[in-house]
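Here is the structure we will look at.
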Amino acid sequence: MRKWEKILILEPSDVLQRRLAAGLEQLGQTPVCFQRAAALLRYLQSGAGPAVVVADCFVPDMDLFTFLKRYRELVQACPETRLILTCTETYPPSDLRPQILSNGADYYMIKPYTAQMLLENIRHLYATPVPPQMPGVHPAVVGFLRELGLPMEHVSFWYIASAMQLELTGGAPVPLKTLYIELGQLYGVSPQGVESGLRRMGKLLTRMGVFEKTPSPKQLVAALTSAFVRERSESRDDAYALTT
């Protein structure tokens, strides 16, 4: 049984709103659409029940962080509600993305996207929760990935964190097949599921501007591990030792 009752769409563009709504209806969903943030917040205040809120980062009647603050206040009593923010390639700026994720948003998507892509991300958000800290993943690795703007609520976040941990503690790249098998056993998924999750995060980081073109899973893990080591070296922070 799904954990959301409604999908609420806050999209100022009539064309995009109709297109997304039509696509969701074809997939068996009946969204409720709004063009103003205030109207959506009033709807939530009336007791909408568990919902997915899909909101554009730019709406004409409210500052983004004012909206996030008011949204967060309204959904405190409804923990099953999720917020997905949508934005263009250039907005919000990369330095705002971690702030957005830490101020109430569960995820954000880059436009353009399809109703099918949205629904896949919604299902991902409502998947079995990942523990707040997976055993064996050093907090410094988690902090590094969070600073990039990656949402730690996604299991794919932890695939990357654990992959980096394996390479850091081993002192050398781990063969992909071994990596997929070990992470699959750790997270209770197939090796193909691990690969898919790493590719998803690679695409997200590319859209965020971290990479110029989407890296392969091997390139993704290698690049992030190297960047992490370089950052720690430059800051002369020896709090993280490359051993278990």
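In this structure the amide hydrogen of Phe211, modeled in the peptide plane, comes within under 5 Å of the amide hydrogens of Thr206, none closer than 5 places in sequence on its chain. The candidate values were [x] 0.99; [y] 0.93; [z] 1.04; the one computed from these coordinates for Rg/Rh (Cα atoms, Kirkwood Rh) carries the label [x]. Between Asn103 and Ala227, residue separation times 0.36 nm minus the direct Cα-Cα distance comes to 42.0 nm.
Spin-label pair Lys111-Arg36: with each label point 7 Å from Cα along the Cα-Cβ axis, the two points sit 2.0 nm from one another. I'd like the carbon and sulfur percentage of the solvent accessible area for the chain, probe radius 1.4 Å, heavy atoms only, ligands and nucleic acids excluded. Taking all protein chains in place, the chain shows 53 percent carbon and sulfur surface. Here each label is just a point 7 Å from Cα along the line to Cβ, and for Arg72 and Tyr126 those points are 2.5 nm apart. Counting only heavy atoms of the protein chains and using a 1.4 Å probe, Lys218 has close to 130 Å² of accessible surface. Considering the zone a paramagnetic label at Met208 would reach in this model (a point 7 Å from Cα along the Cα-to-Cβ line), which residues of segment 161-184 have amide N under 18 Å from it? Residues 161-165 fall inside that zone. Rounded, prolate or oblate: pick one for segment 50-92, where a ≥ b ≥ c are the square roots of the eigenvalues of its C-alpha gyration tensor, a/c under 1.5 means rounded, and failing that, prolate if a/b is larger than b/c, else oblate. In terms of gyration-tensor shape, oblate. For the chain, modelled as a GNM whose springs connect Cα atoms under 10 angstrom apart, the maximal fluctuation among Glu234, Glu212, Glu80 occurs at Glu234. Sorting 115-124, 142-151 by average packing, meaning the other beta carbons within 10 Å per residue, from highest down gives 142-151, 115-124.
The sum of -39500 (n - 2.57) across all DSSP H runs of n ≥ 4, divided by the residue count of the chain, sets its helix-only mean residue ellipticity at 222 nm to -15500 deg cm²/dmol.
The values are calculated or read from the model by the stated rules, or taken from the named source; none is laboratory data. Remember, it's a predicted structure, so these values are computed and weren't measured experimentally. Note: ideal-geometry Cβ built from the backbone for every residue, glycine included; neighbour counts use all protein chains shown. Accessible surface is based on the protein model in full, side chains and every heavy atom, while ligands, DNA and RNA are left aside. Shrake-Rupley method; radii C 1.70, N 1.55, O 1.52, S 1.80 Å.
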